[in-house]
Amino acid sequence: MSRPCVLVLAGLDPSGGAGLLADAEAVRATGARPLCVATALTVQTTRAARRFTPVDAALVAESARALLEEEDVRAVKIGMIGGPAVADAVAPLLERHRRLPRVVDPVLAASSSASLFDGPLPAARNAYLRLASGALLTPNAPEAAALLGIERLDDPLAAAALLGKGAGAVLLKGGHLPGNPTDFLFRPEGTERFSEPRIPVTARGTGCRLASGVAAGLALGMPLREAIVAARALVREYLQSHLSV
Ligand code: PLP
């Protein structure tokens with residue numbers, strides 16, 4: 001049981017398509033151990049999300065604190081938080097552990113379009129940006145636009161402005177943009193692109209898996225770029241597995 005741990009705070013999707021169960025799969029597949037704290041319970045099937053209820057924020061923070069104190073946590077991944085209360089409850093704790101690499105996936109809605117944040121958009125923006133302070137933020141194009149307070153992300157390079165909102169680095173996931181999906185990594189020192197031919201399937205939870213794969217790579221001591229390359233390979237493998245069913 002000596003594998004480095006990733007503390008994952010995310011929503012529970014009982015179908016396993018996305019959320020905590022998908023996160024745990026990606027962390028294990030990368031070679032680290034997931035510690036999973038549910039921030040919200042969702043009602044969903046493999047087809048669509050229906051509704052959710054946030055978990056008591058004090059319980060989430062207490063659980064995260066206990067795991068941080070007693071387990072070998074080397075990275076933190078935050079996915080769906082469900083509402084502002086979880087951000088308020090865990091931000092001071094994460095601030096005390098700011099040396100741990102942190103990956104924040106700003107989950108606002110499911111691909112079936114159901115909202116996954118209970119509150120107005122400005123509250124969601126503040127909550128996720130607060131958690132992403134100094135962290136790797138992994139939005140898709142609609143999430144990046146929402147966090148920037150703009151209607152649409154017409155130019156992917158515009159997502160670099162999220163660095164000015166406190167993120168330590170930004171990995172813009174290009175799956176929602178036309179053409180071959182290109183992910184952009186924005187860091188204060190420059191921009192890198194990662195591009196491969198599109199795999200023509202729709203599969204749930206790719207964003208969760210990518211962010212958790214990166215967090216696991218960081219927990220294992222990989223440099224950020226290497227962790228991203230490994231996590232992208234993991235997601236491609238997951239997508240390929242949908243081609244053959
Ligand atoms: N449910 C939970 C708990 C999630 O965290 C997410 C996305 O991160 C989703 C659902 C949405 O997944 P999808 O976009 O694959 O519908």
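The values are calculated or read from the model by the stated rules, or taken from the named source; none is laboratory data. Computed from a predicted structure; not experimentally measured. Positions of Cβ are generated from backbone atoms using ideal geometry, with glycine treated the same way; all protein chains shown enter the neighbour counts. Calculation scope for accessible area: heavy atoms of the full protein, side chains included, ligands and nucleic acids excluded. Shrake-Rupley method; radii C 1.70, N 1.55, O 1.52, S 1.80 Å.
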On alpha-carbon atoms, Rg over Rh for region 29-69 using Kirkwood Rh?
-> 1.10
Could you work out the helix-only [θ] at 222 nm for the chain, with each DSSP H run of four or more residues adding -39,500 (n - 2.57) and the total divided by the number of residues, to the nearest 500 deg cm²/dmol?
-> -12000 deg cm²/dmol
Gyration tensor (Cα only) of the chain to equivalent ellipsoid, semi-axes in Å sorted down, yields 23, 20, 20
For region 176-185, in order, what is each residue's ³J(HN,Hα) by Karplus, 6.51 cos²θ - 1.76 cosθ + 1.60 with θ = phi - 60°, in whole Hz (x at glycine and Pro)?
-> 8, 8, x, x, 5, x, 10, 8, 10, 9
In what sequence, highest mean first, do 22-28, 2-8, 237-243 appear when ranked by Cβ atoms within 10 angstrom?
-> 22-28, 2-8, 237-243
For region 17-161, report the accessible area per residue in Å² (1.4 Å probe, heavy atoms, rounded to an integer).
-> 45
The ratio Rg/Rh over the Cα atoms of region 199-245, Rh being the Kirkwood inverse mean 1/r radius, stands at 1.04
Residue-ordered couplings for region 80-89, obtained by feeding phi - 60° into the Karplus form 6.51 cos²θ - 1.76 cosθ + 1.60 and rounding to whole Hz (Gly and Pro as x), are 4, 9, x, x, x, 5, 5, 4, 4, 6
Long-range alpha-carbon pairs in region 68-147, meaning those over 20 Å apart, account in percent for 29
Using a 10 Å cut-off on Cβ atoms, rank the peptides 207-215, 123-131 from the highest mean neighbour count down.
-> 207-215, 123-131
For region 1-40, just the Cα atoms, rotate onto the principal axes and tell me the three extents in Å, largest first.
-> 28, 17, 11
Along principal axes, Cα extents of region 1-128, largest first, whole Å = 38, 30, 21
Rounded to a whole number, what % of the accessible area of the chain do carbon and sulfur atoms account for, probe 1.4 Å?
-> 52
Kirkwood hydrodynamic radius (C-alpha pairs) into Stokes-Einstein, region 86-190, 20 °C and 1.002 mPa s, D in µm²/s = 152
Over region 170-245, average the accessible area per residue using a 1.4 Å probe and give it in Å², no decimals.
-> 48
Taking the dipole of the chain about the Cα centre (Lys, Arg +1; Asp, Glu -1; charges at Cβ), the one of Leu59, Leu185, Ala110 that reaches farthest to the positive side is Leu185
Most packed first (mean Cβ within 10 Å per residue), the peptides 138-144, 198-204, 58-64 order as 138-144, 58-64, 198-204
Starting from the Cα gyration tensor of region 119-245, multiply each eigenvalue by 5, take the square root, and state the resulting semi-axes largest first in whole Å.
-> 23, 18, 14
